[in-house]
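In what follows, a single structure is set out as structure tokens and then discussed.
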Amino acid sequence: GESVGLHLPTLSVQEGDNSIINCAYSNSASDYFIWYKQESGKGPQFIIDIRSNMDKRQGQRVTVLLNKTVKHLSLQIAATQPGDSAVYFCAESVFGGSQGNLIFGKGTKLSVKP
Amino acid sequence: ETGVTQTPRHLVMGMTNKKSLKCEQHLGHNAMYWYKQSAKKPLELMFVYNFKEQTENNSVPSRFSPECPNSSHLFLHLHTLQPEDSALYLCASSQVVGASGYTFGSGTRLTVV
């Protein structure tokens, strides 16, 4: 499932540190955003989502921040672990829109050093 | 196991072959999707099915032909593909179109020779 050859941005962090992965989205009409994690050989896995009426949402060890003014989304991972190593994608959509499709970003590869 | 199962996991086919990819979900979802993930592009939506009806064809060439016999099963029939069609083909499902996170399968790694 890796996006080999895409020259993904890479973030390398030390185990135990916090990670911040950023994403710029394109459509000002988008009102629903999701972060996915894709490990090698697997499909994308839902991590956390946020609607545009919120600017922050927390999950277990993860926080998503949304800045609609600059169309920016970030994923914060606390106490990063080796199992967090993967490619992370943000996706945007118009919630419940007739198209209903998610538009995915290119992804960021997170490498966690033990 | 995510609840969305794709078969086969790997497929090598010649340009004149006909093959089919299969996707199955028993999550009770009503929407199913085909995505293409290639080495040089982000995830690309190909087809959307809502309650077995195709609601979107994202300008996909006719050599890709989807079929959705029921809400639990989705096929992608392949015919006279090109080497540039080599990619990871991902199936996903969701409760309804556009709402909540999608559940993805592990994909079929397709190589066209």
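What follows draws every value from the coordinates through simple rules; no lab data is involved. Nothing here was measured: the structure is a model prediction, and the numbers come from that model. All Cβ positions, glycine included, derive from the backbone under ideal geometry; neighbour counts span all protein chains shown.
Dividing the alpha-carbon radius of gyration of the protein assembly as shown by the rule-of-thumb value 2.2 N^0.38 Å gives 1.01. The gain in end-to-end length when the B:LYS40 to B:SER62 segment is fully stretched comes to 5.8 nm, 0.36 nm per residue minus the alpha carbon separation.
Here the label points at A:ASP17 and A:HIS72, each 7 Å from Cα along the C-beta direction, are separated by 2.0 nm in the simple model. Using a 4.7 Å Cβ-Cβ cutoff, the cysteines of chain B lacking any partner cysteine are B:CYS68. Among B:SER93, B:SER72, B:SER38, the largest mean-square fluctuation in a Gaussian network model of chain B, built with springs joining Cα atoms closer than 10 Å, belongs to B:SER38. In percent, rounded to a whole number, the relative contact order of chain A is 36, using alpha-carbon pairs under 8 Å and six or more apart. Net charge of the neighbourhood of B:ASN30, taken over other residues with C-beta under 13 Å away and scored Lys/Arg +1, Asp/Glu -1, is 0. Relative contact order, whole percent, for the range B:63-113 stands at 33, derived from Cα pairs under 8 Å and 6 or more residues apart. Other residues with beta-carbon under 14 Å from the beta-carbon of A:ASP49 carry, at +1 per Lys or Arg and -1 per Asp or Glu, a net charge of +1. The distance linking the range B:70-112 with the range A:34-113 is 21 Å (Cα centroid to Cα centroid, whole angstrom). For chain A, the convex hull spanned by the alpha carbon atoms encloses 104 Å³ per residue. The value of relative contact order for chain B, using C-alpha pairs under 8 Å at least six residues apart, is 38 percent. Other residues lying with their Cβ under 14 Å from the Cβ of A:SER26 contribute a combined charge of +1, Lys and Arg counting +1, Asp and Glu -1.
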